[in-house]
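Report on the following structure.
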């Protein structure tokens, strides 16, 4: 398990359990990370993530007291046991989805990143600075090539109007989707687009069938 995957799955497990991540230090090679989790009516928890040369280690604790082992003594309804069960379920589900392979057709997935997710994937809390990062994954599982222009992916404001992507911040350089590209049959591309923080209802763009120049609209609901 990679360091980035450990950070991401640990955060997801905490949110699935209904906890709020009150503070978070993203783990990097040589720098352990942690997530402090709180939930009304439940004891606080902490997750420590350590990245090593052979993979990442994820260790849950309860109320700031380290638990040496989940085998014996720890009740399954307490934070460490519940966290590990949820963490392993998310990891297994991810593996199953990966084995199933991509969906047929032309698909586009857009995921808005909050402050914690932005720290994990881009190394900085961009929303705190007024920038909304969106992770984009496009898969062309058709027999035809399609054209796509990253600059023409518009977010539809809840108050009306459309918003164009902005220039990537320094932490997004090299990871941003930019310019026009052609997706060959079977090709998948991914990257990030950046917008002003706001309330958005959907995203819209156009794909162009390169064989007959036919334009096809695409919309992603948030």
**Q.** Cβ crowding within 10 Å averaged over residues, with 22-31, 138-147, 5-14 ranked highest first
**A.** 5-14, 138-147, 22-31
Q) Taking the chain as a Gaussian network, where each spring joins two C-alpha atoms under 10 Å apart, which residue of 191, 41, 105 fluctuates the most? A) 41
Q.
Output the 0 to 90 degree angle, nearest 10, between the alpha-carbon long axis of helix 3-16 and the longest principal axis computed from the alpha carbons of the chain.
A. 80 degrees
Q: With the Cα gyration tensor of the chain in hand, convert its eigenvalues to equivalent ellipsoid semi-axes via √(5λ) and list them largest first in whole Å.
A: 37, 20, 16
Q | Between 0 and 90°, nearest 10: helix 79-100 axis offset from the chain longest Cα axis | A | 30 degrees
(Q) Using only the alpha carbons of region 105-221, what is the convex hull's orientation-averaged projected area in square nanometres? (A) 7.1 nm²
(Q) With a cut-off of 8 Å between alpha carbons and a minimum separation of six or more residues, what is the relative contact order of region 105-221 in percent? (A) 30 percent
(Q) I need to check one value: relative contact order of the chain, counting alpha carbon pairs closer than 8 Å and at least 6 residues apart, in percent. (A) 14 percent
Q: Calculate how many DSSP beta bridges within region 105-221 are antiparallel, expressed in % of all such bridges and rounded to the nearest 5.
A: 95 percent
(Q) Test of understanding: ordering 222, 116 by Cβ neighbours within 10 Å, fewest first, what list do you get? (A) 222, 116
Q. So what's the back-of-envelope 222 nm ellipticity for the chain, counting only DSSP H runs of four-plus at -39500 (n - 2.57) apiece and dividing by all residues, rounded to 500?
A. -6500 deg cm²/dmol
Q.
Using a Gaussian network model on the chain with a 10 Å cutoff between Cα atoms, which of 169, 60, 80 fluctuates the most?
A. 169
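Quick note: the coordinates plus some simple rules give every number you see, no bench work behind them. This is a predicted model, so every value here is computed, not measured. Please note: Cβ atoms are built from the backbone with ideal geometry, for glycine as well, and neighbour counts cover all protein chains shown.
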